[in-house]
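The values are calculated or read from the model by the stated rules, or taken from the named source; none is laboratory data. Remember, predicted model here, so these are calculated numbers, not experimental data. Reconstructed Cβ throughout: ideal geometry from the backbone, glycine too, with neighbour counts over all protein chains shown. The protein model used for the area step is the full one, side chains on, heavy atoms only, and it has no ligands, DNA or RNA in it. Shrake-Rupley method; radii C 1.70, N 1.55, O 1.52, S 1.80 Å.
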Amino acid sequence: MTKVGLFLCECGPNIAEAVDLDKVTEVIKGDKKVALIERHRLLCSEDGKKFLAESIKKNGFERIVIAACSPKQHENTFMEVMTRAGLNPYLFQMVNIREQCAWMTPDKELATQKAIRLIRAAINRINYHTPLKQKEIECSPDVLIIGAGITGIETALRTAQKNRNIYIVEKNELGGVLNRLQSLYPGMQSARELLQKKIKEIKSHPEIKVFQKSKIKEILGFFGNFIARIETEDKKEVKLNIGSIILTIGGETFVPAELPNFGYKKFENVFTADEFENSVINKENLPQTIAIVHCVGREKFGYCSKICCANSMKLARLIKEKSKNTKVFQFYKELCLPGKEYDQFYKETKEQGVEFIRYKNIEIGDHKIDYISEDEIKQSLSVDMIILSTGLVPGKDTQYFANLLNIPLDDYGFFKEEHIKLAPVSTITEGISIAGGCQGPQDLNDAVIQAGASAGRTLSSLIPGRRLQVEAKTCEIADSICVGCGVCVRVCTYGALTIDESKHISVVNEVLCRGCGNCAAACPSGAARHRHFTNQEIYQEERAMLK
Amino acid sequence: MEQTFNPRIIGFLCNWCSYAGADLAGVSRLQMPPSIIPIRVMCSSRVDPLFILTALLRGSDAVLVAGCHPGDCHYQYGNYHTRRRIVLFNKIFETLGLETDRVRLAWVSASEGGRYRDVVTQFTEHIKEKGPNPLKKEIFL
Ligand SMILES: Cc1cc2nc3c(=O)[nH]c(=O)nc-3n(C[C@H](O)[C@H](O)[C@H](O)COP(=O)(O)OP(=O)(O)OC[C@H]3O[C@@H](n4cnc5c(N)ncnc54)[C@H](O)[C@@H]3O)c2cc1C
Ligand code: SF4
Ligand code: SF4
Ligand code: SF4
Ligand code: FES
């Protein structure tokens, strides 16, 4: 019989006063599964840890149960002590008799009864524990960045450092959207100059390798060990070993062809903001009156694209710069101009004689705009040219990468972040980050901030020379029981399970498995087993609790 | 004196939200009946319906499964699976003519100590009114 040591912690007065530990000792003492009961005033103190380590050695305990605070508080503390004392840290169960017992049960008698039940559950369970290995894997610190718009370029510059190769793969020319822009709001600096400077920087950086006009053909592997196959500009195939990937493939501007009331492609003097800034503004003599219509597509996709209001004002200024006498109208629904520079930007735009008209409904006709104004009045305005400020939508290849890398998309089709507030550039797939327009509509500032965030996250997660610790409480599949039904494969969020077609069984990739246990609950044959939370371990807890 | 019935309820709590929420209830010294005996699992989706069945057959008066709110599961979609499984479980119980209100699913986040107390208190009251689990006397394991 294995020697199990039970430790009761008083936690100063915290536990001692609310739970009758003498009674606990008296009741449990008769249990043959426990070799010895020890007690300490403050087990997590230096003195307490020493006491624990010495007691393990002196008494030759093989497994440990500690009744103290919540495992979320000190499980790791005691696992370390066990490791140092030469025991496998998983041959340990912590019983929460403080938070979920002493502190929520005012009646001492009842609290004591509950504590006894919880301790018995742990004692029942502990003999079913198996030692688990703390696994580590070799990994590559190199990074693959996909998409070389401004976000990708910034990300590359910020991840580049000695002992680390950065590869950036772009399907077209470098630069993305900025290639098509004249200037950038709110500072109105030249987009081209900024871009040229950055492109020069990455091209000359010793740690960055740039692949232009290249294609991602395949990506296999997992965090720390991805392999990417790339087809280069001259149709050669290159294989890259990388540890992590950052997706910066941007978004696209909405093309309003499917919204008939905006007259796009119907009237030759209607352009999108993108087209106007990219070419129209350069070629033509600008006409007498131009209307810029905001919020094009917003209703259809159900979100505000953040950039179009400010961008529309930028266009108004560019127009005024070129042709002072052109009259510019802004047709807006809501003005969205948050941030510290934008009140001023708006004021200055207005001062240049740009007129703002709020619309409820709009219909674009031949050289005219029919609209219903804010106060529900039908009006009409003749104009020479119309610019549609269209929103930003997910790029074409977003779905492709979502499938390839097992990243979910949000309701709008952008890459879904792991947590919108707390982990905005991570994805659920470890080792894959997102930044820039592919995560959602954003302006340059946001894109650059996200570039920095994803670079920081990537650098700190894969340090050259460091090995990667992987979850120990993963699942395992019993080959001889598994029938290859694939139920487990379908419930696993992380793509950790696959069916081995030759053997017709499920196999688990222990690096990808995060140890949620869902597969073990789903498996109809009992072949999938969740380490440290096996059926047996849980039934043993139940059995003791219901005695 | 009539003996009062103090129900015993197995409570499966997911590590990331509900277990933390229950801890917070304790830290905030919120008082509640000692009826719930917690079993920690990493995710509510670890709860095999057989765990629930076994608990009921072994004499648990009820079973609580608590996990993160929809959309907040630490493993993204685990709790959606849990929800389906519990619905299915109760459907089977209903078909068999057994009680379906002894198994309850609740969402409790790590910051909802008060909610944990309310769930525990109300569920305990409900089970108290219903009386002991009849399966307890009928089937032995
Ligand atoms: C018309 C317009 C005007 C704007 N004006 C301003 C402004 O004045 N001020 C401001 O702050 N912001 C402005 N913005 C927003 C700003 O341009 C964006 O926030 C920023 O450019 C986003 O950069 P990005 O690198 O994320 O995306 P992008 O610039 O779209 O770059 C993505 C890159 O990824 C590449 N790519 C896509 N798929 C693949 C693939 N499968 N393989 C390899 N590469 C791929 C694309 O070719 C592209 O080069 C404007 C946006 C638009 C559309
Ligand atoms: S181990 Fe936990 S219960 Fe014991 S003294 Fe430390 S905090 Fe208190
Ligand atoms: S335990 Fe969870 S993460 Fe691991 S294989 Fe099973 S379902 Fe996937
Ligand atoms: S659910 Fe179970 S039996 Fe089916 S493939 Fe997965 S491990 Fe095998
Ligand atoms: S981790 Fe809480 S329900 Fe999945």
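Odds and ends about this structure:
- By DSSP, the beta bridges lying fully in the stretch A:116-258 are antiparallel in about 55 percent of cases.
- Cα centroid separation - the stretch B:82-101 against the stretch A:277-327, whole Å: 59
- Annotation: amide H-H contacts under 5 Å for residue B:10 (H modelled 1.01 Å from N, sequence separation of 5 or more, or interchain): B:37, B:61, B:62, B:64.
- Mean separation of Cα pairs under 8 Å and 6 or more residues apart, divided by the residue count, gives chain A a relative contact order of 14 percent.
- Here the 3J(HN,Hα) profile of the stretch A:483-497, calculated from phi with Karplus coefficients 6.51, -1.76 and 1.60 at θ = phi - 60°, is 9, x, 6, x, 4, 5, 4, 6, 8, 6, 5, 9, x, 7, 10 Hz, Gly and Pro shown as x.
- Three-way shape label, the stretch A:94-220, alpha-carbon gyration tensor, a/c 1.5: prolate
- Rounded to the nearest angstrom and listed largest first, the equivalent-ellipsoid semi-axes of the stretch A:35-137 from its Cα gyration tensor are 24, 15, 14.
- Other protein chain C-beta atoms within 10 Å of residue C-beta, averaged over B:21-27: 6.
- The mean sequence separation of alpha-carbon pairs under 8 Å and at least six residues apart, normalised by the residue count of the stretch B:9-139, gives a relative contact order of 38 percent.
- Between the C-alpha center of the stretch A:155-215 and that of the stretch A:89-144 there is a gap of 50 Å.
- Residue by residue along A:525-538, Cβ atoms of other protein chains within 10 Å of the local Cβ number 2 on average.
- Charge dipole magnitude, Cβ of K and R +1, D and E -1 - the protein assembly as shown, Cα centre, debye nearest 20: 1520
- Of all DSSP beta bridges confined to chain B, the antiparallel ones make up roughly 5%.
- Cα-based Rg / Dmax (Å) for chain A: 31.6, 98
- Under the combined filter of DSSP loop state and at most 15 neighbouring Cβ atoms within 10 Å, the stretch A:232-326 retains these GluC sites (Glu not before Pro): A:233, A:268, A:284.
- Dipole of the stretch B:9-139, positive direction: furthest Cα of B:133, B:69, B:27, with charges on the beta-carbon: B:133
- Helix-only CD estimate at 222 nm, as mean residue ellipticity for chain B, using -39500 (n - 2.57) per DSSP H run (n ≥ 4): -13000 deg cm²/dmol
- Cα-based helix-to-principal-axis angle, A:191-204 vs chain A, degrees rounded to 10: 50
- Restricting the stretch B:1-89 to trypsin sites (Lys or Arg not before Pro) that sit in a DSSP loop and have at most 13 other Cβ atoms within 10 Å of their own Cβ leaves B:29.
- Directionally averaged shadow of the stretch B:61-141, computed from the convex hull of its alpha-carbon atoms, nm²: 6.3
- Normalised by residue count, the stretch A:77-137 yields a Cα convex hull volume of 100 Å³ per residue.
- Peptides ranked, highest mean first, by Cβ atoms within 10 Å: ranges A:459-470, B:108-119: B:108-119, A:459-470
- Nearest-ten-degree value, helix A:46-59 long axis tilted from longest Cα axis of chain A: 50
- Value of [θ]222 nm, deg cm²/dmol, for chain A, DSSP H segments ≥ 4, -39500 (n - 2.57) each, nearest 500: -9000 deg cm²/dmol
- Peptide B:45-54 has a mean shielding of 5, counted as Cβ atoms of other protein chains within 10 Å of each residue's Cβ.
- DSSP beta bridges confined to the protein assembly as shown are antiparallel in about 40 percent of cases.
- For residue A:90, the residues 5 or more places off, or on other chains, whose built amide H falls under 5 Å of its own are A:132.
- Computed in the context of the full set of protein chains, the accessible area of chain A at 1.4 Å probe radius has 49% of its extent on carbon or sulfur.
- Taking Lys and Arg as +1 and Asp and Glu as -1, the other residues whose beta-carbon sits under 13 Å from that of residue A:306 total -2.
- On Cα atoms only, tilt of A:444-461 relative to the major axis of chain A in degrees: 30
- Once the Cα gyration tensor of chain B is diagonalised, semi-axes √(5λ) in Å: 24, 20, 11
- For the stretch B:9-139, size of Cβ-based charge dipole, Lys and Arg +1, Asp and Glu -1, in debye: 180
- Segments A:329-342, A:70-83 sorted - mean Cβ within 10 Å per residue, highest first: A:70-83, A:329-342
- Area projected by the alpha carbon convex hull of the stretch A:400-547, averaged over all directions, nm²: 12.4
- With all protein chains kept in place, the per residue accessible area of the stretch A:407-547 amounts to 41 square angstrom at a probe of 1.4 angstrom.
- Packing around the peptides A:305-312, A:205-212, A:480-487, A:493-500, taken as the average count of other Cβ atoms within 10 Å per residue, puts them in this order, highest first: A:305-312, A:493-500, A:205-212, A:480-487.
- Restriction of the GluC sites (Glu not before Pro) in the stretch A:137-202 to DSSP coil positions whose beta-carbon has at most 16 other beta-carbons within 10 angstrom yields A:138, A:173.
- Between the alpha-carbon centres of the stretch A:440-486 and the stretch B:18-76 there is a gap of 28 Å.
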